[in-house]
1. State which residue is surrounded by the most Cβ atoms within 10 Å (Cβ to Cβ) when the search covers only region B:406-442 and only residues that are more than 14 Å from chain C (Cβ to nearest Cβ) and closer than 17 Å to residue B:336 by Cα.
2. Could you identify the single residue in A:117, A:168 that is in the same structural domain as residue A:271 (by TED's automatic domain parsing) and within 36 Å of the chain's Cα centre (by Cα)?
3. Across region A:203-228, which residue is surrounded by the most Cβ atoms within 10 Å (Cβ to Cβ) among those that are in contact (Cβ under 8 Å) with a residue 12 or more places away in the chain and under 30 Å from residue A:153 (Cα atoms)?
4. Could you please give the count of residues in region B:372-401 that are touching a strand residue (DSSP E or B) at 6+ places or on another chain (Cβ under 6 Å), surrounded by fewer than 20 Cβ atoms within 10 Å (Cβ to Cβ) and not in a strand (DSSP E or B)?
5. Go through (1) surrounded by 24 or more Cβ atoms within 10 Å (Cβ to Cβ); (2) touching a residue at least 24 places away in the same chain (Cβ under 8 Å); (3) within 14 Å of chain B (Cβ to nearest Cβ) one by one and return the number of the condition residue C:229 breaks.
6. Please tell me if residue B:118 is in contact with a helix residue (DSSP H, G or I) (Cβ under 6 Å, 6 or more places away or on another chain), modelled with pLDDT of 85 or more, farther than 26 Å from residue A:344 by Cα and in a loop (DSSP other than H, G, I, E, B).
């Protein structure tokens, strides 16, 4: 049997191969499978005169805990005379508590998975099982402020890259046993931990099952960020919008879980996914629930306006000035006409140029290191702001329009990609076909959003199909006294199909 | 598979459409997209009729006077210019203006259609205004006692362009009753209802020292409304000659030449057309062609117009002129007045009383084969001086008397003399007595002759 | 599901550019026509109670295969006619109001493509878009009406004695436009509410909106209505706010949205009907065929600038509407009942 294993085990078939009884062979197998990778640490040791080996991956396991929790107890273990493999195995699994996490493993597949997760694995000569201890000690980022989703009044802890820490962040905020975490590994090579979080009596079982089913469908080698998982959760409709919400804030995450959503945590990224999510939720921030309702209501309307401005404002301006100047008030029109008189290009073309310029600046600002990022804004301000106007290349009103649009798009960072593209489409449509083109574009956008369904819930749910009860939190923001009295969950909106 | 195929097909279709639209929009032709600076933004449209019955259309348009790109419009300078052309129809004349300037006229923002006194039939103008895409229904339509060109040529500095000032003058005058309703849609409404009767206010130019004798002038110029044949043959010849010259000049020659030619044209024209007002040529706008914005060519003024009286249009033809007083009376009866100051004499002192319309009740009855329309005006009064109760009463009575006389004047002039329905009699009949209304539709003249209007004024202090 | 919305929305739209001959006749004729419509949908409701989850084509198909296919084709044909009429109307409107805007074929093609895309995405996408389009329509109408409120006056109202022939014409005109009768038998399986409620709700809403539009038009435009071709848009042209000088172009988007929803609905109906009849062909291929057919027919008419009502609209479509929308449900209501016994 041993002979067979020697021949068979290699890097392609190791996953289900059983661990060899012979320590020597087992260690050899490890080396073969890993191709003698340099970060594989093997320390052979005799415990009570029985051959054993402690295997770990360099940098993944904490050396101090290894010394403290594994080496010392092992070295101090003594049986009268020669200890059998069963003695040691029993000691390791039954008579001691060496680390917080302990796993008994029988295949090389399991061994490598635990090794690469930062476990230390103890092999015992003559035993076809080994024991893994969770003494992870790899370096990780400490908990920091969330970066993408800035808030004044929410928590200042953001998710970090390690899934366990993230789970603890969530657990700390929801101390109910109904909160469940279901972990699974996805990615044939990366074996990334992906964890589904939900509250049992709030999240509909159908949605949870559907999410799991979708995750099972993932057939990728690696999962490096949430973007790998997202398309599988979105479903079959090809839409420009995503029905999966991304957040790096534990408080938002918990709030959504509490509303009956399913959260997905992916190891290695500080971002989490929430589904089903609605279009409207892109406009809601955790700050909304801290501020007084009157202020939140006001700010929400400003945000809706911002979305409209970010998408359609330049397009509308182009459409109106080229095709329907009668809409503008007379004074505005003559001011516009007067400033257009000196510029060499048409309003339409100018709008395209400036929009492209703006996108360039924005992209440059994100990609560049922060220190140089500032320089981009200086260049932008100098070139676009001043020189373009004073050299009569662009008219000043247009600059105001684009400036306003850019600012508006910062208000809703979640929809940035959609607004950028649609802005361009609207400009082109408006330039060629005026308000007609804008409307056709808008209709397209409308269908695109409307066709999207998020786990049985229409994506643009409380708006259309209209649900009056759910509109409370869309048009206004009711106080928590009211919110507490009557709960609305996503599944209650009109047009939702229970799955 | 079919799903996928369809999607591809859709994308291809969109692309094809897009490319086609690019081609069709960029090709010069009907669907050419014009940028704002390729359009003439027309503030006002003036229509005159030349002696040989052709239309002379004057467009007042934007010609900004600014300094640099940061201040494209300098409000202290007159930012408008005019261009005019003659053709058989109004659209043709506009088209000739367009050719002259090499731009497309954009009429969507014109605020005023000004009819020169030579316009004897407003129906072609109305037809043009209604059927031209873009002209607003709220555009003002008024007559002038000069040629429309002269009025539009005046440069003023109080607003950005003179049509704007004119519009504001209209709106202000409407409040105190010196102007009647002059929106296009109201004219059309009246004309539709009454077989072509409406009232249009008259715009006049402020003259240097002759302001006192307005009324006399009015009556003397009455006859010439809509009657260009009455002018002397010498004028005709002069006009024609100059017009031809200007047409040629502006089309073929350089701008400086066209300027000089148009200058001579307008000055000579104003000379000839102003038999009754001889002093106008000094300020008469010199701008024929494109280049009339130059400051040196004339003095810009702060105000230049006022509204005085109105023209009664009957059967779509100007019929008679109402004086300022008559128009105020008419406004009291029709749509009410926001505030009109009336002077009342109490003893020896003169007090100013501000009168505004509060409510209007109307009743139609038939007495002795006469249709009697009772109009009960409720007026509110405000006094500018501290008066005792008694004095207030006398002041009110005086003011009432005055208003009554104004109303009577209007009735005498319009209904008795001209037999024109400008008192919304059609609507009153329609609302009160349908049989009479039917008769009115059939035989308007006869019915109107039978109409008597009684005015009663109830003051509310 | 939100079919109530849909029906409401296109009802409102059909009446936006109404031909004005005589207000009194119009109001009376319209009211009578609405009453007739209320009666006409009764068989449909009964049919719905019998087969709540089958559309009329499926019912017909099950009874007799040949007849079923025939009825399916008839439905699709009627839908094509309706779309054709809509496009012609739309083309006429664009031709008059925005003549130098875009080539007409492009305008109609764009609407057709968007509608096709909507129909392709299914009834739910259309319904949800319709909800928003409806909101947009109401919003623009309210803004226009509010902007006009100072310009409304009762003295603009001129009463007229209704003439019988005019009323009769109005009733006929209104009924021939009641193409929604074709939608109900196909779409009711998707209705989540009670069929009667949604149908009558839609009819009531249509009534309210038409009355509102007529009232606003009459109060503001007065006798200008007599020469106006699209009174609703002249309302917009007359309305003035301090930000927007004229609202007619502002109404254009509302109108396009509504037109697109209606087109999409009829394309969808044609698709469903044909899919019932021809089970072997993919439904989206059928949709494509219908859309292309409708587009081709309309383009042919539009490019020749033939706007007016033609024989197809007057005769064939009316017959189809009555046949498919009223007689067929009656036949199946009572005929089927016998068979069951």
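The values are calculated or read from the model by the stated rules, or taken from the named source; none is laboratory data. Everything quoted here is computed from the prediction, not taken from an experiment. Note that each Cβ is placed from the backbone with ideal geometry, even for glycine, and that neighbours are counted across all protein chains shown.
1. Applying the first criterion (more than 14 Å from chain C (Cβ to nearest Cβ)) to region B:406-442 yields B:406-420.
Next cut, closer than 17 Å to residue B:336 by Cα only: B:406-411.
Numbers: B:406: 25, B:407: 24, B:408: 15, B:409: 18, B:410: 28, B:411: 23.
Selected residue: B:410.
2. Result: A:168 is the single residue among A:117, A:168 that is in the same structural domain as residue A:271 (by TED's automatic domain parsing) and within 36 Å of the chain's Cα centre (by Cα).
3. Looking at residues that are in contact (Cβ under 8 Å) with a residue 12 or more places away in the chain and under 30 Å from residue A:153 (Cα atoms), I get A:203.
4. Residues in region B:372-401 being touching a strand residue (DSSP E or B) at 6+ places or on another chain (Cβ under 6 Å), surrounded by fewer than 20 Cβ atoms within 10 Å (Cβ to Cβ) and not in a strand (DSSP E or B): 5 in total.
5. In the conditions (1) surrounded by 24 or more Cβ atoms within 10 Å (Cβ to Cβ); (2) touching a residue at least 24 places away in the same chain (Cβ under 8 Å); (3) within 14 Å of chain B (Cβ to nearest Cβ), residue C:229 misses (1) alone.
6. Details: in contact with a helix residue (DSSP H, G or I) (Cβ under 6 Å, 6 or more places away or on another chain): yes; modelled with pLDDT of 85 or more: yes; farther than 26 Å from residue A:344 by Cα: yes; in a loop (DSSP other than H, G, I, E, B): yes.
Criteria met by residue B:118.
Every residue, every condition in (1) part of a strand (DSSP E or B); (2) surrounded by fewer than 15 Cβ atoms within 10 Å (Cβ to Cβ); (3) modelled with pLDDT under 85, yes or no:
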residue	(1), (2), (3)
A:42	yes, yes, no
A:52	yes, no, no
A:78	no, yes, yes
A:83	no, no, yes
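Table: residues versus (1) crowded, with 17+ Cβ neighbours inside 10 Å; (2) more than 19 Å from residue B:150 (Cα to Cα).
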{"site": "B:102", "(1), (2)": "no, yes"}
{"site": "B:105", "(1), (2)": "yes, yes"}
{"site": "B:109", "(1), (2)": "yes, yes"}
{"site": "B:115", "(1), (2)": "yes, no"}
{"site": "B:118", "(1), (2)": "yes, no"}
{"site": "B:123", "(1), (2)": "no, yes"}
{"site": "B:128", "(1), (2)": "yes, yes"}
{"site": "B:131", "(1), (2)": "no, yes"}
{"site": "B:137", "(1), (2)": "yes, yes"}
